[in-house]
Each structure stands twice: as structure tokens, then as C-alpha cells.
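Chemist: Handing you a structure now.
The values are calculated or read from the model by the stated rules, or taken from the named source; none is laboratory data. Here the structure is a predicted model, which means the values were calculated and not measured. Cβ atoms come from the backbone with ideal geometry, glycine included; neighbour counts cover every protein chain shown. All accessible areas refer to the heavy atoms of the entire protein, side chains included, with ligands and DNA or RNA removed. Shrake-Rupley method; radii C 1.70, N 1.55, O 1.52, S 1.80 Å.
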Amino acid sequence: MKVQMLSRNPDDYVRETKYDIQRVPRNYDPTLNPFEVPREYTRAMNATKLERVLAKPFLASLDGHRDAVNCMAKHSTSLSTLLSGACDGEVKVWNLTKHNCVRTIPAHEGFVRGMVVRFCGTSFFSIGDDKTIKQWNMEAPGYGVEEEPINTILGKTVFTGLDHHQNNGTFATCGQTVDIWDEQRSTPIRSFSWGVESFSSVRFNPVETELLASCASDRSIVLYDMRESMPLKKVIMTMRSNTLSWNPMEAFYFTCANEDYNLYTYDMRNLEEPVRVHKDHVSAVLDVDYSPTGREFVSASFDKSIRIFPKENIHSREVYHTKRMQHVVCVKWSADNKYVMSGSDEMNIRLWKANAAEKLGVLSHREKLAANYNQKLKEKFQHHPKVKRIARHRHLPKHIYMDTKEHNVMREARRRKERNVIQHSKPGAVPILSERKKHVVAVVK
């Protein structure tokens, strides 16, 4: 077997005497600039600094609710329409381009627990603490006509989650059981339960539309197939998951928002351990939603902040917060991949840019070329220490900054204790678990 090796002749670059001039290799190609890399590095530094200077993600605040915003729903066919439900039972329909409320519906008594728009966009469903499922027409009634639901279904227990099928008139609710409903019937066509007291959320798979997943109160995530009579399998974690979201492009992945301050991305084909553990929040994660590209997701937390994570990264690339924003309960990513909407405890819905430094409006040809060139420069030099430091730096509220430091100390103490236990035990007596496997208790099929 031949082994190809690099070989250099020392006569080409070694001086015969110390008085000889050093030989400098040169490329005489006129299209190549000898200072190309230093120039591009300087441009990448300037582009990164400008990106941080121009990063102004907050766009608008939609106020009008008289109680905390508890849930939101995106319109399936209209980019500019958003629906929100509050803790006082009120549902509002918003026009995002004009930043105003176009319709207010006194929908339920007590909390509005969930909302979803039908796949065709002609109507939407809402559930509340009054044990009812109501279907509403998307178009507002005429002047002087009272708001009335198209259909009302009275359930036996309180519903906590709701989602609609992608292609037909079937929807799913969760409460004490996971129920599958037909729009034409007043009783569920199928009910699933697995010895669990209650469920907090349910989501249909966007591609394999017969599959759905739910988060249960016994710290488990359960997978179902509507064509089967029993649930498929479930994974039990160390702490409870609040909600989950399917990746719309790679629909065998889903990400769940957990009470232990982390998010976990699972592959439904192998639930033994999560594919990725996403860390950065300092309090319970309450909601998560994927971007339509499937490359990133946004999370809302009890620590009064919103974070945007690339799906393959452990740490977030962006954190959004304001002085007045309280606990963020719900979050949505717009269908055009440009905006993020968040609803929080202080009765406001906020509109953010998905890319904080992106220039909105119509761009000229030269502006598009410059933006693409700067983006490629930043990607090329992203691992250089100075560029990396500037790109990663974020100002955080004091409570998040101090909690992050405290959690780092606690995490390091836990690691140190584990190392000491392993060192002072018999070889093999203490199992060494990876960070991903620590959070999974069991998988039941």
C-alpha cells in the first residue's frame, strides 16, 4: 500500500547563511490579495459589532386584556391574525399589522385553557374551566348581532389542552383523559388513559397526522396512534413536562418544556434518552414552539424571559426581556419565520423580531447583497475569540444573571460530588450516567 506524504525541500526555504534575505513565498496570481484574510477578519468584526448595535428585537405591545394571557393560537391561513385567551374567559382576535384588537368574545367562565384554529381557517375552537368546548366562526357577526358559538360541547371534566387535526374535522382534548372528537358528534369517538390523573397538553404530529403526543401529571410524555385502541409508549422523566412541540420539518423529533428549567428534544423512535438537553433558563419552562423551518424553536419561561434555541445547540442564541414583562405563559412563532409573539402575566401580548438585528421592510438589491456577505463573514470567523465574545454577549436582568451564577455553582458542586463518590468506590460499583440519561427514569411500552 502506498502512503502519500508531504515532502518539502529545505533548499527552498532555509537560508544558507544568516546574512541571506528570508525567502517569502508569494502567489503571483493578480486576482488574489495578500491581505485578504486580515481584511475579511476586520470586516467580520465590524459586521458583528454592527449587528449588536442594531439589535432591537421589540416591535410592539398589544394591550387590551383585563387579566393574564393564558393561551394563544395562530391563524392557519392568515399571517396577520392572532387569537389570544385570558384568565377571565375572554378571547380576543388581533390584527398584527395594525397592532389592534378587531374582536372580543366573552367565551368562557373562568380560564380559557386552550385555543386552536381549524385547518381551513374558517372557525376556531376554545376550551375553558367551565368544562365546555366551543366552536366559533372566524368572521365577526354583523353589527348589533350577539356573539354566539357555532357549536358547544359540554364535557364531564375540565379540559386543559386542545389541538386540531391537520387535514380533517377531528380534534383532540386532554384533561383526565386524552379524547379524540369528531366535529359532528357531542361525545368523543375514542378516549386514551394510562393510569394518569391528568394531562396538561396534547399535540398532533404535523406530518404523520394520525400520531399525537401528550404531557401527563405523572412526569411522563405519552405517544398515541388514533388508529390504535391503546397508547403506544411513554417516557417517564425526573420532573414534569408542561407542554411539547413537534418539529414541522423532521416530524420524528419533538421538544418538551420541563419544570427543571431545561428543554429536551426527543426522537420518538428512541425514547431511552433525549437527543439534546437545552439549558439556559433559570426557572420552569412553560411553553415552546418551533419555527416553520424546523431549525429553531422559541421557549417561554417563568423567569420572565424568552429564549431562541437552534435545535442542535445546548445554549440559546438569543434572549428577550423587558422591565415590565412578567412570567411568560405562552409563545408562538409566526408562519413566515420573521416574528415571535409572547403572552405574559401582566396582560400584554408582545411582538418580537425572530432575528434581532434584521432590517424590516423592502430591501434594495445592494442591501441584500451586503447582508448576505456580512452573514457569510460572521459564519467564517464565528470561532475567533474576539468575534465569538462580541456575538455571544447579552445584557441580562439582575435576577437572571445572579440565578445563572448560583445554578452554575450548584451544578459544579454536584459534579464534584459525583466524581468523589466514583473515585472512592469500587470500580464499577457506581454507574456513570451521561447528562442526557440522568433525566429519564423509564420507558414503558
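Chemist: Helix 365-380 sits at what angle to the longest principal axis of the chain, using alpha carbons and giving 0 to 90 degrees rounded to 10?
Modeler: The angle comes out near 70 degrees.
Chemist: Give the angle, between 0 and 90 degrees and rounded to the nearest 10, that separates the Cα long axis of helix 398-423 from the longest principal axis of the Cα atoms of the chain.
Modeler: With both axes taken from Cα atoms, the answer is about 70 degrees.
Chemist: What whole-number value in Å² describes the accessible area per residue of the chain for a 1.4 Å probe?
Modeler: Computed with neighbouring chains in place, this is 57 Å² per residue.
Chemist: So between CYS120 and SER80, what do we pick up on full extension, going 0.36 nm a residue minus the alpha carbon distance?
Modeler: 12.8 nm
Chemist: Please give the length that would be gained between SER193 and VAL24 if that part of the chain were fully extended, namely 0.36 nm times their separation in residues minus their C-alpha to C-alpha distance (nm, one decimal).
Modeler: The SER193-VAL24 span can extend by a further 53.2 nm.
Chemist: Let me ask another. Roughly what would the spin-label model give for GLN375 and GLN423, points 7 Å off Cα along C-beta, in nm?
Modeler: 4.8 nm
Chemist: Continuing with the same structure: Report the label-to-label distance for LEU32 and HIS407 in nanometres (one decimal), using points 7 Å from each Cα along the Cα→Cβ vector.
Modeler: About 4.8 nm, to one decimal.
Chemist: How much accessible surface does LYS376 have with a 1.4 Å probe, in Å² rounded to 10?
Modeler: Per-residue accessible area (LYS376): approximately 130 Å².
Chemist: Taking θ = phi - 60°, what integer Hz values does the Karplus form 6.51 cos²θ - 1.76 cosθ + 1.60 yield along region 351-363, in sequence order, with x for Gly and Pro?
Modeler: 10, 10, 7, 5, 10, 4, 9, 5, 8, 8, x, 7, 9
Chemist: Compute the distance in nm between two label points, each set 7 Å from the Cα along the Cα-to-Cβ direction, one at ARG415 and one at ARG269.
Modeler: Spacing of the two 7 Å Cα→Cβ label points: 3.2 nm.
Chemist: Kindly identify region 242-301 as rounded, prolate or oblate by the Cα gyration tensor criterion: order the square roots of the eigenvalues as a ≥ b ≥ c, call it rounded if a/c is under 1.5, otherwise compare a/b with b/c, prolate if a/b is larger, else oblate.
Modeler: Cα axes put region 242-301 in the oblate bin.
Chemist: Taking 0.36 nm per residue of sequence separation and subtracting the Cα-Cα distance, how much length would be gained by fully extending the chain between ARG366 and ARG52, in nm to one decimal?
Modeler: Working it through step by step, the gained length comes to 110.9 nm.
Chemist: Summing -39500 (n - 2.57) over the DSSP H runs of n ≥ 4 in the chain and dividing by its residue number, what mean residue ellipticity at 222 nm do you reach, to the nearest 500 deg cm²/dmol?
Modeler: After summing the helix terms and dividing by residue count, I get -5000 deg cm²/dmol.
Chemist: Please report the carbon-and-sulfur percent of the accessible area for the chain; probe 1.4 Å, protein heavy atoms only, DNA, RNA and ligands left out.
Modeler: 52 percent
Chemist: Something else now. Find how many whole Å separate the alpha carbon centroid of region 1-75 from the alpha carbon centroid of region 302-352.
Modeler: Between the Cα centre of region 302-352 and that of region 1-75, the gap is 30 Å.
Chemist: Could you tell me which of rounded, prolate or oblate describes region 214-271, using a ≥ b ≥ c as the square roots of the eigenvalues of the alpha-carbon gyration tensor, with rounded for a/c under 1.5 and, failing that, prolate when a/b is larger than b/c and oblate otherwise?
Modeler: oblate
Chemist: Ok, one more. Tally Lys and Arg at +1 and Asp and Glu at -1 over the other residues with C-beta under 14 Å from the C-beta of ASP67: what net charge comes out?
Modeler: Here the count lands on -4.
Chemist: Starting from region 101-173, pick out the GluC sites (Glu not before Pro) whose DSSP state is loop and whose Cβ has at most 10 other Cβ atoms within 10 Å.
Modeler: Of the GluC sites (Glu not before Pro), the ones in loops of region 101-173 whose Cβ has at most 10 other Cβ atoms within 10 Å are GLU139, GLU146.
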